[in-house]
Amino acid sequence: MNGIIYRKTNRGDSEKIADLITERWGDEYIVVHNTIYLPKNLDGFAAIIENKIAGVVTYIIENNKCEIVTLDSFEQNKGIGSRLIELVIKEAKEKRCSCVWLITTNDNERAAQFYEKRGFNLEEVSYGAVDDSRKIKPSIPLKGENGIEIKDELKFSLML
């Protein structure tokens, strides 16, 4: 899209990413599947509009699998999230990963639809997993913006 520059994130982005993640996720770290992640230290891609980060995706590659840890678009309906996912998939293919996967929560219907629309399949539901994550990060909200109780982790994957 015109006016949007996509690039790999770098060390110079780390504090801005920390600020954005804190604003969006309530802290600069996130907890998912009982694992603590510090997105500012992960590989990622950024969408830049007028020298400001308009979207960012962070990921980690382990055991020939690529996990998307965070995806945030701060400019809606411009294709930023889709393009960031495409960049991660391309990177995962170049690194010879067998799949790209991610976790979202049961309340996040919009995310579930977003990933399914891009070819990801619901692979697993971990019932009550968010309660376990709250033991590590008590600030995880009890309910989502839509009023649905946040309690389960949904694993989506895309085979490459």
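Numbers below:
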{"item": "Test result for K16, touching a strand residue (DSSP E or B) at 6+ places or on another chain (Cβ under 7 Å) and modelled with pLDDT of 95 or more", "result": "no"}
{"item": "In the stretch 38-60, residue nearest to C99 (Cα to Cα) [restricted to those that are touching a residue at least 24 places away in the same chain (Cβ under 8 Å) and out of contact with any Asp or Glu (no Cβ under 9 Å at 6 or more places or on another chain)]", "result": "L42"}
{"item": "The stretch 146-160 - residue that is in contact with a Cys (Cβ under 9 Å, 6 or more places away or on another chain) and of a type outside the set (S, T, Y) and, of those, surrounded by the fewest Cβ atoms within 10 Å (Cβ to Cβ)", "result": "M159"}
{"item": "All positions within the stretch 90-126 that are more than 21 Å from K8 (Cα to Cα) and part of a strand (DSSP E or B)", "result": "I103, T104, T105, N121, L122, E123, E124, V125, S126"}
{"item": "Flag for L84 being in contact (Cβ under 8 Å) with a residue 24 or more places away in the chain, closer than 21 Å to Y115 by Cα, in a helix (DSSP H, G or I) and in contact with a Gly (Cβ under 7 Å, 6 or more places away or on another chain)", "result": "yes"}
{"item": "Complete set of residues in the stretch 119-136 that are at pLDDT 95 or above and either among the β-branched types (V, I, T) or over 18 Å from T35 (Cα atoms) (or both)", "result": "G119, F120, N121, L122, E123, V125, V130"}
{"item": "Selection within the stretch 5-24 - surrounded by fewer than 17 Cβ atoms within 10 Å (Cβ to Cβ) and among the acidic types (D, E)", "result": "E15, D19, E23"}
{"item": "Residue under evaluation D131, criteria (1) touching a helix residue (DSSP H, G or I) at 6+ places or on another chain (Cβ under 9 Å); (2) surrounded by 13 or more Cβ atoms within 10 Å (Cβ to Cβ), criterion not met", "result": "(1)"}
{"item": "Lone unmet requirement of (1) within 30 Å of G3 (Cβ to Cβ); (2) free of Cβ contacts under 8 Å to residues at least 60 places away in the same chain; (3) of a type outside the set (V, I, T); (4) part of a helix (DSSP H, G or I) for K135", "result": "(1)"}
{"item": "Some residue of the stretch 47-62 being crowded, with 17+ Cβ neighbours inside 10 Å and among the polar types (S, T, N, Q)", "result": "yes"}
{"item": "Strands (runs of 3 or more DSSP E) wholly inside the stretch 1-65 containing at least 1 residues that are farther than 25 Å from K143 by Cβ, hydrophobic (A, V, I, L, M, F, W, C) and touching a Cys at 6+ places or on another chain (Cβ under 8 Å)", "result": "52-62"}
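Condition check ((1) surrounded by 16 or more Cβ atoms within 10 Å (Cβ to Cβ); (2) of a type in the set (K, R); (3) more than 20 Å from W25 (Cα to Cα)) across all residues:
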site: C66; (1), (2), (3): yes, no, yes
site: Q76; (1), (2), (3): no, no, no
site: G81; (1), (2), (3): yes, no, no
site: S98; (1), (2), (3): no, no, yes
site: N106; (1), (2), (3): yes, no, no
site: E109; (1), (2), (3): no, no, no
site: L122; (1), (2), (3): no, no, yes
site: G144; (1), (2), (3): no, no, no
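Residues are listed down the side, and each one gets a yes or a no for (1) farther than 18 Å from K90 by Cβ; (2) among the aliphatic types (A, V, I, L, M):
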site: I21; (1), (2): yes, yes
site: Y37; (1), (2): yes, no
site: K40; (1), (2): yes, no
site: C66; (1), (2): no, no
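The values are calculated or read from the model by the stated rules, or taken from the named source; none is laboratory data. Since this is a predicted model, take the numbers as computed values, not measurements. Virtual Cβ from ideal backbone geometry, glycine too; neighbours counted across all protein chains shown.
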